[in-house]
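Below is one structure, written out as structure tokens; comments come after it.
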Amino acid sequence: MEEEDKGIVCVTGGTGYVASWLIMRLLHHGYSVHTTVRPDPEKKRDLTFLTSLPGASEKLKIFHADLNDPNSFDAAIKGSTGVFHVATPTPSHFDTDEPEEAVINKTIDGTIGILKVCLKYSNTVKRVVYTSSTAAVDFNDKKNMEIMDESFWSDVGYIKALNSFASSYWISKTLAEKKAIEFAEENGLDLVTVIPSFVVGPFICPNLPDSIEAALAMVFGKSELYNLLLNTSMVHVDDLASAHIFLLQNGSAKGRHICSSDRITIEEMSAFLSTKYPEFPVPTVESLKGIEGFKGPALSSKKLIDSGFKFKYGVDEMFDGAIQSCRENGYI
């Protein structure tokens, strides 16, 4: 049953994995939602996965906006009490031909531009929840740290030295979150950040999410992604959406919040997948021994949990949901 009307909130990047799931949850919680999607001059994009959500016909408005022109977000943000900035300027950080500098500048400029619009409407916008990434925490030379929390930041030089295909994305998320926090502090804007690890679970967006593609790399046979899975911290998409809403509603929450519930090694993932889903040709633990890559630290969600948030899902539900959605959409 839907809850009472809770006013208007804005979600940027509504066609994405996290944003679309968040919109669904916000509608369920009784919010009216303004969301933004990239301009579609030829009107070829099918948005029925959003417009057909329960409550969408009465409470969802879709606006066209482009991060290259932050002022295009004016109409969507105007009148909102809260803004969830989820959008990223690159459709996929696994497959972009854009130069690193262009990706970084676009992410930072888009983020600050949107915060300026939020400031413009600060008479109604009471809080901004910014979606960062554990890429903004993980990558530094603190190799002896067994666990990292929100006090850690990734080092741009360290990321560049890794020379990964995802480097520009990792750097852009690190620098954009730093700049967002600085801007908010300097201008008196109430901003909290959510720092999710690998987001896994079901999806309603039409495109295969990057994090699902990576998490299910052994199911898809994409060996080029195995080096991302040596030590994977993960969170269920529904827990992440709930954390966003929790941080909007919890006025005492301040600063950065890691949102990550589970951690699994590539060997554990291989054993888990092959046992639970024997129909897939998952590589054996033995065959994965030569894989080299970045082994991320354990991540602490203590701050989020201590503030009253509870995770509901584990690894089983993450993979069950992801595989079910992949089957329904013809990806496997």
In terms of the ratio Rg/(2.2 N^0.38 Å) built on C-alpha atoms, what value belongs to region 208-247? 1.40
Suppose every Lys and Arg Cβ carries +1 and every Asp and Glu Cβ carries -1, with no other charges. What dipole size does region 253-332 come out with about its Cα centre, to the nearest 20 debye? 600
Taking the Cα atoms of region 236-332 alone, what are Rg (to one decimal) and Dmax (as a whole number) in Å? 16.7, 49
With a 10 Å radius around each residue's Cβ, average the other Cβ atoms per peptide and rank 288-299, 103-114, highest first. 103-114, 288-299
Ratio of region 199-285's C-alpha Rg to 2.2 N^0.38 Å, to two decimals? 1.28
Taking the Cα centre of the chain as origin and charging only Cβ (+1 Lys, Arg; -1 Asp, Glu), how large is the dipole, in debye to the nearest 20? 660
As a test of the formula, what do you get for the chain when each DSSP H run with n ≥ 4 contributes -39,500 (n - 2.57) and the sum is divided by the residue count, at 222 nm and rounded to the nearest 500 deg cm²/dmol? -11000 deg cm²/dmol
Accessible solvent surface per residue of the chain, calculated while the other protein chains remain in place, 1.4 angstrom probe, Å²: 44
Convex hull over the alpha-carbon atoms of region 150-305: what's its volume per residue in Å³? 136
For the chain, the Cα-Cα pair-distance distribution in 20 Å bins from 0, as whole percents, is 32, 60, 8
Quick query: amide H of VAL11 versus all other amide H atoms, modeled in the peptide plane; which residues come in under 5 Å with a sequence gap of 5 or more or a different chain? HIS34, THR35, THR36, PHE84
By a straight-distance test (C-alpha under 22 Å), which lysines pair with LYS276 as possible cross-link partners, with residues fewer than eight away in the same chain excluded? LYS222, LYS289, LYS312
Förster radius 35 Å - calculated FRET efficiency between LYS254 and SER57, Cβ distance, rounded to 0.05: 0.45
Run the simple label-point estimate for LEU162 and MET145 please: 7 Å along Cα→C-beta, distance reported in nm. 1.3
Of the residues THR35, LEU60, PRO70, the Cα lying farthest along the dipole of region 22-179 towards its positive end, which is defined by charges on the beta carbon of Lys, Arg, Asp and Glu, belongs to LEU60
What pairs in LYS120/LYS173; LYS44/LYS254; LYS116/LYS142; LYS59/LYS120 have C-alpha atoms more than 32 Å from each other? LYS44/LYS254; LYS116/LYS142
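The values are calculated or read from the model by the stated rules, or taken from the named source; none is laboratory data. It should be emphasised that the depicted structure is a prediction, and the values quoted were computed from it without experimental measurement. Quick reminder, even Gly has a Cβ in these numbers, built from the backbone with ideal geometry, and neighbours come from all protein chains shown. When the accessible area is computed, the model is the full protein with side chains, heavy atoms only, and any ligands, DNA or RNA have been set aside. Shrake-Rupley method; radii C 1.70, N 1.55, O 1.52, S 1.80 Å.
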